[in-house]
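Notes follow the structure.
The values are calculated or read from the model by the stated rules, or taken from the named source; none is laboratory data. Since this is a predicted model, take the numbers as computed values, not measurements. Note that each Cβ is placed from the backbone with ideal geometry, even for glycine, and that neighbours are counted across all protein chains shown. Accessible surface areas use protein heavy atoms only, side chains included; no ligands, DNA or RNA. Shrake-Rupley method; radii C 1.70, N 1.55, O 1.52, S 1.80 Å.
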Amino acid sequence: MAQKEAKTSEEGKPSAEPAMVIASTAAPAPSWFTPKRLLAIFCVINLLNYVDRGAIASNGVNGSLGTCTESGICTSGTGIQGDFNLSNFEDGVLSSAFMVGLLLASPIFASLAKSVSPFRLIGVGLSVWTFATVGCGFSFNFWSITLCRMLVGVGEASFISLAAPFIDDNAPAPQKTAWLAIFYMCIPSGYALGYVYGGLVGSHSNWRYAFWGEAILMLPFAILGFVMKPLQLKGFFHPESTKALTAVETAVSEVQGSDNLNGKDGSFSSKEDLRNSTIQKSSELKVGTKIMNQISRFMKDMKVLLVDKVYVVNVLGYIAYNFVIGAYSYWGPKAGYNIYHMNDADLIFGGITIVCGILGTLAGGFVLDYINSTISNAFKLLSAVTLLGGVCCFGAFCFKNMYAFLALFAVGELLVFATQGPVNYICLHCVKPSMRPLSMAISTVSIHLFGDVPSAPLVGVLQDSINNWRVTALILTSIFIPAAGIWFIGIFLHSVDRFNEESENQITTTEKSNTTPLLKGKKTETTESASEP
């Protein structure tokens, strides 16, 4: 069937070179990638993204303001806050500045994925990220480092929007949530490593070296995004597929037909003049048309997302959840230091977060796969673990004994981190394949815009007002309860897993061959050889 379609043009006439048409449908085969290597590389990149966030929140890099005693003895400030003399509000804004770039760039990268190689877009993003972290190390005041943090967000946007769909494509069917959990496990472990890394670098040298070290570690992956053969996403056809080739052939035939017609009339001196004129006019029209098509497609897809009750409820619960987690990740070490007088707050919070984050995130993914990965079951798991985890964290801050706090808080973190796999599973499977990048982008934009972007500065304002870290922590933790309630509503919504639905771009069987991203080149080559005489 695929051969017959390939041998026939849009007008139903036999093609002169059928073998060439079928050969053009084959996407470039990755040289050495396997699904597990893809997962490993993406996990390392994600880990570095969150190491950066943890490092800037650590006491070693973030530092503290200078203080003066009643007797007039003053000590100088340390870290970013001390060097730039930042208030708690400004410090909170600095933690959220990179979100501005992330929010603006995520939908753009998700939309471009339909016309530009998604893997190349990741390379562009990681390059911007590397450049921006170097700039953070060279910053000289609040505004310069804020601008660099915004660029860090722009660089991260492409990876955040596109990495999860790539992993979902290549994960074994019975382990999709587990693979997503392994990927998102890098969020808490990255934060935790960032606390430790920032604390060690800040205490033994200058905080600026922490950012330069991150840039050196990310540089090889940025280069890899450009030099490695690009991968394809499910729901997207390769630029050299039959559809793209047909469009090119149609344009060429129109030009040739015009050449013959104008040659008889004598309107042009040669066919070459006509061809150049046609190509120039076509290129001028293409730019405007492409922009309008991108905007139109984006608005259409946004409408589909916003009327999807399953998607909206999932993201609303994720916003409330992320409001708490975002503030925890930034203010946690300082709160622990002030409430329980932890001398090594970075190391203690980092250690708890990395252990509980890894175990909790993995457990959430494996449990959902075990009980059957469905959207309804994902909502059940989300509401249960968030409620229980929130109660444990709230109870932990009520204890005055540090060891009792650490024990109960660890249990709470273990439970709340179990949400990462299920919540992203819903984002990927409640929409059709071609909309997954946009689904992840809008989810990311929403949870940051309404979640951890305002939470850090708002908690800073609250603490400046009441000057009691224990009360501030209790008020913040109570927000886990409405998050669990929102996800509980999702259990009763009618949901359909759309992972296997065809996208609007998957028109022919031949084009579907391009939706298999890794190690499937042999199948296409067999089709090509079969068509040869």
Counting only protein heavy atoms and rolling a 1.4 Å probe, one gets per residue an accessible area for the stretch 35-160 in Å² of 36 Å²
Percent relative contact order for the stretch 393-509, counting Cα pairs under 8 Å at least six residues apart, stands at 37 percent
Per the charge dipole of the stretch 328-457 (beta-carbon charges, Lys/Arg positive, Asp/Glu negative, Cα centre), the residue among 351, 441, 411 reaching farthest to the positive end is 441
SASA check, residue 43, accessible area w/ 1.4 Å probe, all protein chains in place, rounded to nearest 10 Å², comes out at 20 Å²
Result for the stretch 377-447: accessible area per residue, probe 1.4 angstrom, in square angstrom, of 27 Å²
For residue 429, the accessible surface traced by a 1.4 Å probe with all protein chains present amounts, in square angstrom to the nearest 10, to 10 Å²
Of all C-alpha pairs within the stretch 69-120, those more than 19 angstrom apart amount in percent to 57 percent
Checked the stretch 284-377 against the a/c 1.5 cut and the a/b vs b/c comparison, axes a ≥ b ≥ c from its Cα gyration tensor; verdict prolate
Of the convex hull enclosing the alpha-carbon atoms of the stretch 98-207, the direction-averaged projected area in nm² is 8.0 nm²
Long-range share for the stretch 136-197, i.e. C-alpha pairs more than 20 Å apart as a percent of all pairs, stands at 49 percent
Set 309/380; 300/432; 36/176; 309/432; 114/432; 229/300, cut-off 21 Å on Cα-Cα distance; pairs above it are 229/300
Per the rule of 0.36 nm per residue minus the C-alpha distance, extending residue 489 to residue 227 adds in nm 89.7 nm
Which residues qualify? For residue 64, with a placed amide H closer than 5 Å and at least 5 residues away or on another chain, they are 78, 79, 81, 82
Given a Förster distance of 22 Å, the FRET efficiency implied by the Cβ-Cβ spacing of residue 204 and residue 73, rounded to the nearest 0.05, works out to 0.30
